[in-house]
1. What pairs come up if the first residue lies in the range 187-202 and is hydroxyl-bearing (Ser, Thr, Tyr), the second is buried (at least 19 other Cβ atoms within 10 Å of the Cβ) and modelled with pLDDT of 80 or more, and their beta carbons are under 8 Å apart, counting only those six or more places apart or on different chains?
2. Out of all the residues in the range 217-236, which are among the aliphatic types (A, V, I, L, M) and modelled with pLDDT under 75?
3. Quick check: is even one residue across the range 98-114 at pLDDT below 70, among the small types (Gly, Ala, Ser) and closer than 16 Å to residue 237 by Cα?
4. From 214, 206, grab the single residue that is modelled with pLDDT under 80 and outside any helix (DSSP H, G or I).
Amino acid sequence: MSDTEQLPVPAFLPSDAQAELDAAVAILEGISLPARLAAVVGSSVEALKRNLPAPAQRMLDNALRRALQTALQTALRTQPGFNPTPVPSSWMHRGALAAAGAAGGALGLPGTLLELPVSTTLLLRQVAAIAAEQGEDLSDPDAQAECLKVFALGGRDPSDDGAESGYLAMRLALAESLKSAAGRTLGQMLPGLLGAVASRFGGPVAFKVSAQAAPLIGAAAGAAVNLAFLEHYRGVATAHFTVRRLERRHGPALVRAAYAERLSPR
């Protein structure tokens, strides 16, 4: 075989890659976080939102954007080269998030809004650690952006059109929001990226704020909701960065075609 002759492109993923993709699809196209939260708290998203004061709803968007930006500045920059390791162990993260949620919920709405950046930072540190484990270079602004995108991914929302709320469609939408920022630093990407992520992350966060708005009751809800956030976004991060690792290894076109095939009716 000559040096210039190219190997044929494989038509199928290897069996081990298919198994990893199957597991990722199950998570990324599974139950949405709002549905999980409703099961944890025992109330629907709509019912809790109705209890959230109108001024609080107006404050939430700005608070959410600030929380995401604060999380980026601390979670990804705590070590030289944006290396998130060493990170607290899983049980320490669970304890920290449960304590933060309980503390915020105990103080009602004001405490919850103050606690939001802390919880978001803890979540993003876990996402970044998983990204690094899957081979992402966290000194790369694109990899940093992918960590933030995790908050917009995972699970179809029953209120959305299925084709528009799926993983591949959402990745495409997020990529479109960053087209004009290609090759730039993360700081230059942030305005468009924060808006796109906040629009998806805002639903679960509104649920969290609503559940924690009542003092004392909110303390128990805050701990439970934060743990649900942790488990959900850990799973989404593992699935998302698994897909990206498979794309680097086998090519984006093949992996995305295999992903789409798994969504087709059998």
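1. Between residues of the range 187-202 that are hydroxyl-bearing (Ser, Thr, Tyr) and residues that are buried (at least 19 other Cβ atoms within 10 Å of the Cβ) and modelled with pLDDT of 80 or more, the close pairs are 199/152.
2. Answer for the range 217-236, where residues must be among the aliphatic types (A, V, I, L, M) and modelled with pLDDT under 75: 217, 219, 220, 221, 223.
3. No; the residues of the range 98-114 include none that is at pLDDT below 70, among the small types (Gly, Ala, Ser) and closer than 16 Å to residue 237 by Cα.
4. Residue meeting the stated conditions: 214.
Conditions tested, residue by residue: (1) farther than 20 Å from residue 252 by Cα; (2) modelled with pLDDT under 85.
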{"residue": "129", "(1), (2)": "yes, no"}
{"residue": "134", "(1), (2)": "no, no"}
{"residue": "137", "(1), (2)": "no, no"}
{"residue": "149", "(1), (2)": "no, no"}
{"residue": "158", "(1), (2)": "yes, yes"}
{"residue": "169", "(1), (2)": "no, no"}
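The values are calculated or read from the model by the stated rules, or taken from the named source; none is laboratory data. Remember, predicted model here, so these are calculated numbers, not experimental data. So basically every Cβ, Gly included, is an ideal-geometry build from the backbone, and we count neighbours across all protein chains shown.
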